[in-house]
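The values are calculated or read from the model by the stated rules, or taken from the named source; none is laboratory data. Everything numeric here is computed off the predicted structure, so don't read it as measured data. Here Cβ is always computed from backbone atoms with ideal geometry, including for glycine, and neighbour counts include all displayed protein chains. Ligands, DNA and RNA are stripped out before the accessible areas are found, and what is left, the full protein with its side chains, is counted by its heavy atoms. Shrake-Rupley method; radii C 1.70, N 1.55, O 1.52, S 1.80 Å.
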Amino acid sequence: MKFLAARRRNPIVALGLLLFALVVVGGGYAVVTETQPATAAMGSQTQVEDGERLYLEGCSSCHGLQAEGTGNGPTLIGAGAAAVHFQVATGRMPLAAPGAQAPAKEVIYTESEIEAMSAYVASLAPGPAIPSAEQIDFADADVAEGGVLFRINCAQCHQAAGQGGALTQGKYAPSLMESTPQEIYEAMITGPENMPIFADSTLQVEEKQAILAYINELQEAPSPGGLALGRLGPVAEGLFLWTAVFAALIAAAVWIGIKAR
Amino acid sequence: MSTSSPVETAGAATATYVDKRLGSNRFLGRNLGKVFPDHWSFMLGEIVLYSFIVVLLTGTYLTLFYKPSMVEVLYDGSYVPLKGVMMSEAYESTLNISFDVRGGLLIRQMHHWAALIFVAAMVVHAFRVFFTGAYRKPREFNWLIGVALLTMALAAGFTGYSLPDDLLSGTGLQIIRGILQSIPVVGTWAAFLVFGGEFPGTDIISRLYAAHILLVPGLILALITVHLMMVWTQKHTQFPGPGRTNDNVVGYPLLPVYMAKAGGFFFIVFGVIALISGLVTINPIWIFGPYTPDQVSAGTQPDWYIGWLDGALRLMPNWETVVAGFTISWNIFIPSVVIPGILFTGLALYPFLEAWATGDKREHNLLDRPRNAPVRTGIGVMAITFYGILWIGGGNDLIATAFDLSINSLSWFLRITLIVAPPIAFIVTKRICLGLQRRDRDKLLHGYESGRVLRLPHGEFIEVHEPINYKELAVITSKTDYSPLPAPEKTDADGVKNKKYLIQKIQHKISHFYYADDVKKPTAAEIEAAQHHAAHDAMLEAPLHEYEDADQISTFHGGVLHHPGMPETNAEQVAQQENRSTT
Ligand code: HEM
């Protein structure tokens, strides 16, 4: 996991630092925006300005006035619009309290505010853009292929049924049962925390869509065998056995034992 | 027979018909009247038996559709999220049972739930036998058969868990391979032998299948038969109670009472299993997907009865040594071979160890109350605590996420608890048992506390003690007082050296450990003295009832109003009463 984290951080951070240096050297904000490649989703000028204002109010205390990063939070230069959207739309940011991992919680910004902040951060340096509607449309995707890809790429952390699992030192891969297709896609392209980045070179767009379809299947499909017990596997089954089932059987035994007296 | 109903006549005719050919009447006459003692905890063995019957029936149905083959096929069944996926025939056929065979999913779930209940009921049944001392002479062999059954049940469960060849079962097998390989010297070779070459190979499923449907159930069936025959011929033990002794059995005849109860109970167990299996999913293999060695899911766990071994593996620190170029994996060998080895050997030998250590060679048909064997009860609770912590360790990842804990700190906490908690559990349990013994002793001496508080005329409050009833008396007095074995002599009276001195010394020490704190039952003299005392107490409180001029006492319950002339102290009261009776 360390190895993956290191690999994904290096190019981005290096790029971020490089661009940060550019900002300082060039002495101008405009210089940076001009280097923005056309692929990155670009917001309108007013949206970027709104975003900057919101950013300065809510995020700069930790991420720095120019998003250069502080002791309390990493740089966002090069983090990309997708990362901001994912972090804020799942309620992870703004961070409430330092901990092993930023938990998903109540979202405090409106969708247009989140988009404004995303546009602002995207305007600082290129990074993964918010996925388009076509990208996250999984209507034609192959669920079965998605299942295979999910078990290969995601199940080792998020559990086969997407219920989440523990990682080391209090970190965890969260349950995917509430995630929207957009959040899932953004998580894959930005790799929050200990999660690896699944760039298009590792998982092509169609493959990502297949995964979206499979997670959707996990979220929506009814449980053919009855109550699913949280789909947590044998531990939940064992717990149910030793509480409910055993109580019923012992109660029956006691009842029959008493009846004959 | 003059007034017999048509049914009775028909029954008698049938019995005669059969008897003429089999000579069965004498056998039945002798056995159907056999008496069984009655207690709900004696039904635990029955739960085991009945769930096993359900396992056999449902398992037979499953064999009609299951294919024990590791040949890769393309799935084309009705479960869409797996359509077109490559998988083994074993997994495919299990999917088909779940989605395309009529009633298949229900039967699969019944088979699995019944199997879990089977092992669980067995464990609880063994607890009952252990904590009541039912394994003592003459039933030690039946205890051994029980331990063999427990081992076989684990084997049955594990082989069954592996058959669907889904991601969970394959991961389990991979762990088994690791365990085999960790055995020093022969490990690698053993793993090759079991899997028929490299893991996972193409043989293991069909081998497990043979074990799961033939070998293991065959052995279980044979052992159950012997087990029950021994219960039959040795007669069942009974709890102490009025009229129950070491040499009789008080209870109900097999026919009709016990048969009716047992038959009814069978249907209840069957019904509970069917109900749960109809309502609650177990092992949704379609979610886990087919097994491929390069995949693993978070939260992969074995069924509950293997959970403690998984926990032992998870809690064990990562120790390895390299000897002459070979790695010895203590980290696997100790938790999965050494610890279960010690636990099962200890379990099997316990009846013999206890008999030796305490020098108790008598037959026991009357059960012990757990409190009357504090050390045994303590050892039992200690073992359960140890087991329980390993078990919790097996679910450490789920506990960590459920309670927002770090899995690393949780593991360290459990490691320490695993060593510290069992001795504490022993001491606490033993103390509680001795406390209960003392309370029993007090009950014999002073009766039980009725909860009725009385205020004496001079203001003192006393709680009224009532004598215990005959049932409780029989139960409490059933206790056998034990004393430690005497310390051995180095030389006997003739100055001959005692060759067994050392071993007798150990025996003496252990027996001391078992019995030194035993709270002895009160002697007859003590009881008499106490009763005398009680009679005196009763006399002190008696006057309140015995005032002739009752109108002087306004309220009785809840307090006494003082009136002029009323005695102020006990002594005055008694004196006044004695005066009155003499005049
Ligand atoms: C397939 C598993 C088993 C079955 C079907 C089974 C069944 C039974 C039944 C029906 C009885 C009589 C009723 C009762 O006392 O509950 C019994 C008694 C007994 N069982 Fe088991 N049992 C099994 C496993 C075990 C195990 C695992 C142990 C201990 C390790 C054990 C030890 C005993 C002993 C010592 C008795 C005699 C108890 C007495 O007379 O008080 N059994 N068994």
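Below is a table of values for the structure above.
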item: Helix B:339-358 vs. chain B, principal-axis angle (Cα, 0 to 90°, nearest 10); result: 30 degrees
item: Cα long-axis angle, helix B:104-131 against chain B (0 to 90 degrees, to the nearest 10); result: 40 degrees
item: Rough spin-label spacing in nm, given labels placed 7 Å along Cα→Cβ, for residue B:34 and residue B:226; result: 1.8 nm
item: Those chymotrypsin sites (Phe, Trp or Tyr not before Pro) in region B:319-404 that DSSP places in a loop and that have at most 10 other beta carbons within 10 Å; result: B:403
item: Per-pair calculated FRET efficiency, R0 = 22 Å: residue B:266 and residue A:244 via Cβ, rounded to 0.05; result: 0.60
item: Stretchable slack from residue B:207 to residue B:249, in nm (0.36 nm times residue separation minus alpha-carbon distance); result: 10.5 nm
item: Surface per residue (accessible, 1.4 Å probe) for region A:162-246, Å²; result: 40 Å²
item: Average beta carbon contacts from partner chains per residue of A:111-117, 10 Å cutoff; result: 0
item: Accessible surface, chain B, averaged per residue in Å² (probe 1.4 Å); result: 51 Å²
item: Added length on full extension, which subtracts the Cα-Cα distance from 0.36 nm per residue, residue A:104 to residue A:156; result: 16.7 nm
item: With every protein chain in place, the protein assembly as shown: carbon and sulfur % of accessible area (1.4 Å); result: 65 percent
item: At R0 = 22 Å, FRET efficiency that the Cβ-Cβ distance of residue B:428 and residue B:405 yields, to 0.05; result: 0.30
item: Burial of 40 Å² or greater, region B:90-116 residues [accessible area, probe 1.4 Å, versus chain by itself]; result: B:113
item: Between A and B, accessible area buried - total, square angstrom, nearest 100, 1.4 angstrom probe; result: 4400 Å²
item: Accessible area per residue in Å² at 1.4 Å probe, computed on region A:51-124; result: 43 Å²
item: Sequence-distant residues sharing a close amide H with residue B:448 (under 5 Å, placed H); result: B:466, B:468
item: For residue B:328, residues with placed amide H under 5 Å, excluding near neighbours; result: B:321, B:322, B:323
item: Gyration tensor verdict on region A:143-231 (Cα atoms; rounded if a/c is under 1.5, prolate if a/b is larger than b/c, oblate otherwise); result: oblate
item: Cross-link partners of residue B:235 among lysines (Cα-Cα below 30 Å; sequence separation of 8 or more within a chain); result: A:259, B:20, B:34, B:137, B:261, B:361, B:471, B:479, B:520, B:521
item: Within region B:61-131, trypsin sites (Lys or Arg not before Pro) in DSSP loop having at most 14 other beta-carbon neighbours inside 10 Å; result: B:102
item: Cβ-Cβ FRET estimate between residue B:86 and residue B:188, R0 fixed at 30 Å, reported to 0.05; result: 0.55
item: Separation in nanometres of the label points that stand 7 Å from Cα toward Cβ, at residue B:10 and residue B:361; result: 5.9 nm
item: Gyration tensor verdict on region A:51-124 (Cα atoms; rounded if a/c is under 1.5, prolate if a/b is larger than b/c, oblate otherwise); result: oblate
item: Loop-located GluC sites (Glu not before Pro) in region A:100-143 whose Cβ has at most 15 other Cβ within 10 Å (DSSP); result: A:106, A:134
item: Prolate/oblate/rounded call for the protein assembly as shown, Cα gyration tensor, a/c under 1.5 rounded; result: prolate
item: Per-peptide average of other Cβ atoms within 10 Å, ordering A:212-218, B:445-451 highest first; result: A:212-218, B:445-451
item: 5 angstrom amide H check on residue A:172, placed H, neighbours 5+ away; result: A:167
item: Structure-based [θ]222 nm, chain B - -39500 (n - 2.57) summed over DSSP H runs of at least 4, per residue, nearest 500; result: -19500 deg cm²/dmol
item: Other protein chain Cβ atoms within 10 Å, averaged over every residue that makes up B:60-67; result: 0
